[in-house]
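Here is the structure we will look at, set down as structure tokens.
Read-outs throughout are calculated quantities, based only on the coordinates presented, and are distinct from any laboratory measurement. Just so you know, these numbers come straight off a predicted model, no measurement behind them. Here the Cβ positions follow ideal geometry from the backbone for every residue, glycine too, while neighbour counts run over all protein chains shown.
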Amino acid sequence: MPAPRLRSRSLRRVFRKVPGGRVSLQYKKQRPKTAKCGSCGSSLKGVPRAFTFRMRSMAKTKKRPERPYGGVLCSKCMRQSIIDKARQ
């Protein structure tokens with residue numbers, strides 16, 4: 001039976017082979033979800049799927065694409081919003 005702190009389903013179970021040859025069970029945090037578009041909800045390209053403590057030490061240019069609404073809207077919705085603003 002694992003320790004009570006490891007019984008939570010919020011931790012993912014990873015089987016790893018240890019140097020002795022046997023397979024050990026390791027408990028790891030689940031990876032963060034992908035960033036979503038604010039308009040359509042599709043996953044954003046060019047935005048890393050990293051933990052917040054890793055994102056904090058990253059350069060701003062590595063966190064999101066360098067275009068209008070980069071890291072907020074997907075390219076399709078970004079184009080559409082610019083076209084709509086130009087029409088008004």
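Take residues that are within 14 Å of the chain's Cα centre (by Cα) and tell me which of the helices (runs of 4 or more DSSP H) falling wholly in the chain contain 3 or more.
On the way: elements: 52-57, 60-63, 75-87.
In the chain, 52-57 are the helices (runs of 4 or more DSSP H) which contain 3 or more residues that are within 14 Å of the chain's Cα centre (by Cα).
I'm trying to understand the selection: among the residues of the stretch 46-88, which are over 22 Å from Pro32 (Cβ atoms) and of a type in the set (Ser, Thr, Tyr)?
Correct list: Ser81 only.
Confirm whether Arg67 is more than 29 Å from Arg12 (Cα to Cα) and not polar (S, T, N, Q).
Working: more than 29 Å from Arg12 (Cα to Cα): yes; not polar (S, T, N, Q): yes.
When the stated conditions are applied, Arg67 passes them.
Would you call Gly41 exposed (fewer than 10 other Cβ atoms within 10 Å of the Cβ) and free of Cβ contacts under 8 Å to residues at least 40 places away in the same chain? If you could, list the steps in order and put the result at the bottom.
Working: exposed (fewer than 10 other Cβ atoms within 10 Å of the Cβ): yes; free of Cβ contacts under 8 Å to residues at least 40 places away in the same chain: yes.
Criteria met by Gly41.
Could you list all residues from the stretch 1-24 that are in contact with a strand residue (DSSP E or B) (Cβ under 6 Å, 6 or more places away or on another chain) and aliphatic (A, V, I, L, M)?
If the condition is that a residue be in contact with a strand residue (DSSP E or B) (Cβ under 6 Å, 6 or more places away or on another chain) and aliphatic (A, V, I, L, M), then Leu6, Leu11, Val14, Val18, Val23 are the ones that fit.
Within the bounds of the stretch 13-29, is there any residue that is in contact (Cβ under 8 Å) with a residue 24 or more places away in the chain and farther than 21 Å from Ser75 by Cβ? Steps first, please.
Taking the stretch 13-29 as the starting set, the residues that turn out to be in contact (Cβ under 8 Å) with a residue 24 or more places away in the chain are 27.
From the residues that got through so far, the ones that are farther than 21 Å from Ser75 by Cβ too are 27.
Looking for residues that are in contact (Cβ under 8 Å) with a residue 24 or more places away in the chain and farther than 21 Å from Ser75 by Cβ, one finds at least one in the stretch 13-29, hence yes.
Name the pairs: first residue in the stretch 64-88 and touching a residue at least 12 places away in the same chain (Cβ under 8 Å), second residue basic (Lys, Arg) and surrounded by 11 or more Cβ atoms within 10 Å (Cβ to Cβ), Cβ to Cβ under 6 Å, at least 6 apart or on different chains?
As it stands, the answer is Gly70/Arg64; Gly71/Arg64, since those pairs meet every condition given.
If you take the residues in the stretch 9-38 that are touching a Phe, Trp or Tyr at 6+ places or on another chain (Cβ under 9 Å) and small (Gly, Ala, Ser), which one is surrounded by the fewest Cβ atoms within 10 Å (Cβ to Cβ)? Before you say what the answer is, go through the steps one by one.
First, the residues of the stretch 9-38 that are touching a Phe, Trp or Tyr at 6+ places or on another chain (Cβ under 9 Å): 11-14, 23-26, 29, 31-32, 38.
Then drop every residue that is not small (Gly, Ala, Ser), which leaves 24, 38.
On the way: Ser24: 10, Gly38: 13.
Looking at residues that are touching a Phe, Trp or Tyr at 6+ places or on another chain (Cβ under 9 Å) and small (Gly, Ala, Ser), I get Ser24.
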